[in-house]
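J.: One structure follows; several queries about it will come next.
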Amino acid sequence: ISKAESVSDVLEQTVLLREAALVRVDPATGTIASAVDIVPLFETISDLRHADATLTAMLTNERYRQIVASRGDRQEVMVGYSDSNKDGGYLTSQWELYRAQRALVAAAERHGIRLRLFHGRGGTVGRGGGPAYQAILAQPPGSVRGALRLTEQGEMVAAKYSTPAAARRNLETLVAATLEASCLDGEQLGDRAADFDAAMVELADVAIDAYRELVEGHARFVEFFRQITPIGEISSLNVGSRPASRRNSDRIADLRAIPWVFGWSQCRLNLPGWYGVGAAFEAFAVDAQRTALLHEMHDCWPFFRAMLNNMGMVLAKTDLAIGRRYADALVVDPALRRDIFGLIEREHDLARVWHARLTGSDDPLVDNPALSRSIRNRFPYLDPLHVMQVELLQRYRAGEHDERVERGIQLTLNTIATGLRNSG
C-alpha cells in the first residue's frame, strides 16, 4: 500500500480484498481470514516517524488482528528509501528509516506477532543502494530474524544476477548477512546507545533543514533543476517504465523518486546522496568533545559507518567540474546559476571535508579499493559522453527535434547510467 499514512489506508484494502473473495468472514464464527498478506509501505519522513503508531493501531483493531492471525501471526511492513530520501535528504532519511524499523520491531513484540521488514531498495544510494552485506548488518537489532525481503531493481538485476556465478555470489552474501544479523547483536553499543541516538536526532534535524531550504525554500530551485538535468527529456522521450511525475505539474513533490535521482546522476552532482550532511556535521561538532563523539560513532556503530561509506561512494562518483559544465551550458540565467550552484558547491566541500575527518582519509573510497580501481578505469570514458549529452540537450532545447538528436540523447542517458552503474 504505497504512501500508507494511517490504519484506514490498510483497512480500505481489506474491503477491496473482501469484494474479491480474498478476505473472507466465516458465517458461523464471524472469524476473518485473508488469503494474501496486506503490507503497508511507509515512505515519507512523516510516515516513517508515525509507522509504529500506525502498526499499533492496526494490531489493536480486533478484526484486523484476526487477519494477522490467519497469516500465521506475521505482519509484513515495507519501508521506502526513495521517497524518504527525496522528502528529507540523505542523512535524515537514513536515520528515520533506522528509527522506524526499531520502533516497528518493538510494536510487534508488544503485540506478540512476527514482523518481517520489506526493504524497498533501489540501485543508487539515494534509493537505499550500497553493499548489501554491510546494509543488512547495519539494520537495528531484532529487525532481521531469519528473514527479510528486499527489492532489486533496474540495472542492478543484470549486474548481480545475469550469470550463475554472480547470482550465486550475491545470494550467498545475502544469506550470510541475514544469518549473522539474526544470530548476533552487531551493535553492542551498551551505555553509548542513548548518546548516539541523541546525536543522530540533532544531526537529522539540521540536515533536513539544510536540504529543504534548498529544494523547497529556494524560489527558483525547480527551474534550476529542470534546466541542469535532462529530466524534461527523460519525460518527453518516454525514457523509463512510468511517467516521471505522478501528476501533471512541475512540483518536486509530484516528481517520482527514480527520475529525481537519475537526473542528478546524469549531470554528476548526485545531490540526493550527500546534500545536507556536511552542514549537519559542521553545526554539531562545535567542540572537541562532540567531534570525538562523531568519531566514536563511526568506529563503533555499524549503522553510522555504513551511512558514511555509502556517502563516500556517492562523493567518489560526483564531479563538480562536469556539473559546472552542465550549469554553464544549460542554465539560462547566470544569476540563478551562480546562486544555486554556489550553494551546492559549498555543501559538497563540507561533505568531503567531514567525510575525510571522520574516516581518516581524503579518499572517499578508502574502504573499497576494488570500486576505486573500477572507477579509475571506467570514468575516463564518461567524460566525452557528458560533453555529447550537453551539446545534444542544447540542440534539443533550441528546437532541433531531429530523430538523430533524440536518439543521441537516449543513447547518452543509457551509456552514462551504465558507466556510473548504480545511477538510479
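The values are calculated or read from the model by the stated rules, or taken from the named source; none is laboratory data. Computed from a predicted model, the values in this text were never measured in an experiment. In this analysis, Cβ positions are derived from the backbone assuming ideal geometry, glycine residues included, and neighbour counts consider all displayed protein chains. All accessible areas refer to the heavy atoms of the entire protein, side chains included, with ligands and DNA or RNA removed. Shrake-Rupley method; radii C 1.70, N 1.55, O 1.52, S 1.80 Å.
J.: If amide H atoms are built 1.01 Å from N in the plane of the peptide, which residues on other chains or at least 5 residues away come under 5 Å of the amide H of ALA4?
T.: LEU41, GLU43
J.: Does anyone have the angle between helix 403-420 and the longest principal axis of the chain? Alpha-carbon axes, 0 to 90°, nearest 10?
T.: 60
J.: Ignoring ligands, DNA and RNA, what accessible area per residue does the chain give at 1.4 Å, in Å²?
T.: Details: 19000 Å² over 424 residues.
That works out to 45 Å² per residue.
J.: Something else now. Please report the relative contact order for the stretch 273-418, taking Cα pairs under 8 Å with a sequence separation of at least 6, and give it as a percent rounded to a whole number.
T.: 27
J.: In the chain, what % of DSSP beta bridges are antiparallel (nearest 5)? Walk me through the numbers before you get to the answer.
T.: Values: 4 of 15 bridges.
Rounded to the nearest five, the antiparallel share is 25 percent.
J.: Still on this structure, please answer the following. Hey, got the dipole for the stretch 171-222? About the Cα centre, +1 on K and R Cβ, -1 on D and E Cβ, debye to the nearest 20?
T.: Computed about the Cα centre, the dipole is about 320 debye.
J.: Which whole-percent values make up P(r) of the chain when all C-alpha to C-alpha distances are grouped in 10 Å steps starting at zero?
T.: Calculated P(r), rounded to whole percents: 4, 20, 30, 25, 14, 5, 1, 0.
J.: Give the lysines reachable from LYS160 as a straight Cα distance under 27 Å; neighbours fewer than 8 places away on the same chain don't count.
T.: Excluding near neighbours in sequence, the set is LYS86, LYS317.
J.: For the charge dipole of the chain, defined by +1 on Lys and Arg C-beta atoms and -1 on Asp and Glu C-beta atoms about the Cα centroid, which residue among ILE258, TRP274, ILE409 has the Cα displaced farthest towards the positive pole?
T.: ILE409
J.: Additional query: Please report Rg over Rh for the stretch 368-408, where both radii come from the alpha carbon positions and Rh follows the Kirkwood definition. Working shown, then result.
T.: Details: Rg = 14.9 Å, Rh = 11.9 Å.
Computed over Cα atoms, the ratio is 1.26.
J.: Enumerate the calculated ³J(HN,Hα) couplings along the stretch 98-107 in order (Karplus 6.51 cos²θ - 1.76 cosθ + 1.60, θ = phi - 60°), each rounded to whole Hz, writing x wherever the residue is Gly or Pro.
T.: Computed from phi, the couplings for the stretch 98-107 are 4, 5, 5, 5, 4, 5, 5, 4, 4, 5 Hz.
J.: Another question about this same structure. Could you please put VAL7, VAL79 in sequence from largest to smallest accessible area, using a 1.4 Å probe?
T.: Working: VAL7 40, VAL79 0 Å².
Listed by decreasing accessible area, they come as VAL7, VAL79.
J.: Could you size up the charge dipole of the chain around its Cα centre, putting +1 on the beta carbon of Lys and Arg and -1 on that of Asp and Glu, and report it in debye to the nearest 20? Walk me through the intermediate numbers first.
T.: Details: 49 positive and 54 negative charges, 234 e Å.
Around 1120 debye, computed over the chain.
J.: Run through the stretch 194-224 and list the GluC sites (Glu not before Pro) located in a DSSP loop whose Cβ has at most 16 other Cβ atoms within 10 Å. Write down the numbers at each step before the final one.
T.: Numbers: sites: GLU202, GLU213, GLU216, GLU223; in loops: GLU216.
When the GluC sites (Glu not before Pro) of the stretch 194-224 are filtered for loop state and at most 16 Cβ neighbours within 10 Å, GLU216 remain.
J.: Using a 1.4 angstrom probe on heavy atoms only, work out the carbon and sulfur share of the accessible area of the chain in %.
T.: Working: 9760 of 19000 Å².
For the chain, the apolar C and S fraction of the accessible surface comes to 51 percent.
J.: Please state the relative contact order of the stretch 137-217 as a whole percent: Cα pairs under 8 Å, 6+ residues apart?
T.: 40
J.: For the chain, what does -39500 (n - 2.57) per DSSP helix run (n ≥ 4), summed and divided by total residues, give at 222 nm, in deg cm²/dmol to the nearest 500?
T.: On the way: 21 runs with 264 residues, N = 424.
About -19500 deg cm²/dmol.
J.: How high is the relative contact order of the chain, in percent, with contacts defined as C-alpha pairs under 8 Å that are six or more residues apart?
T.: Reported relative contact order: 15 percent.
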